[in-house]
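The structure under discussion appears below in the form of structure tokens.
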Amino acid sequence: MRKSATYLLLIIFVISACNQTNKKEKTAADIKKEIQKTEKDFETTVKDLGIAEAFFEFADENAVILRENDSIISGRDKIKAYYQNPKFLKTTVSWKPDFIEVSNDATLAYTYGKYLWTTADSSGKVSEFRGVFHTVWKKQSNGKWKYVWD
């Protein structure tokens, strides 16, 4: 009986050790790739579903955006309402992060880079605006990244 208990403990130890070696912690480079993919998915969602839906979908519940005249819009629902303004119906935006940094505990990240905002007025005249964006990302309990500041 004692011999079989020893074998059982040995088997449990070996299985446990194998499971530990198979669990690879994500490196900062891995997390930066996640953020880069999230940024790209966000941009793709803007193209596919429009600005209002994309900014809603990728927002943390307590997200904040800074927009025209230094106004702050807080919360997912208010951000969506802001972008549902008809002036944004013929608007597109594209961007690419030039820099990504991740916190030591891998729960926050920030990006910045250049964007191109293109809009058409009611007569069809197209205007382009270029600038620099800065986004702060927060890892959610489900593992997804949502922005808290844009």
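The values are calculated or read from the model by the stated rules, or taken from the named source; none is laboratory data. Since the model is a prediction, treat every value here as computed from it, not as a measurement. For neighbour counting, all protein chains shown are included, and Cβ atoms are generated from backbone atoms with ideal geometry for every residue, glycine included.
Quick rundown of the values:
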item: Which listed residue is under 15 Å from LYS138 (Cβ atoms) and modelled with pLDDT of 95 or more, from ALA54, ALA109, ALA81; result: ALA109
item: GLN140, sole failed condition from (1) at pLDDT 95 or above; (2) polar (S, T, N, Q); (3) surrounded by 14 or more Cβ atoms within 10 Å (Cβ to Cβ); result: (3)
item: Among residues of the range 119-137, those that are part of a strand (DSSP E or B), surrounded by fewer than 16 Cβ atoms within 10 Å (Cβ to Cβ) and of a type in the set (S, T, N, Q), counted; result: 1
item: Residues that are among the small types (Gly, Ala, Ser) and under 17 Å from HIS134 (Cβ atoms), drawn from the range 39-73; result: ALA59, ALA63, SER71
item: Some residue of the range 11-19 being at pLDDT below 95, loosely packed, with under 10 Cβ neighbours inside 10 Å and under 21 Å from TRP149 (Cβ atoms); result: no
item: Lone qualifier among LYS96, LYS80 - being in contact with a helix residue (DSSP H, G or I) (Cβ under 8 Å, 6 or more places away or on another chain), part of a helix (DSSP H, G or I) and surrounded by 13 or more Cβ atoms within 10 Å (Cβ to Cβ); result: LYS80
item: Tally of residues being touching a residue at least 24 places away in the same chain (Cβ under 8 Å), within 24 Å of GLY75 (Cβ to Cβ) and in a strand (DSSP E or B) across the range 99-118; result: 5
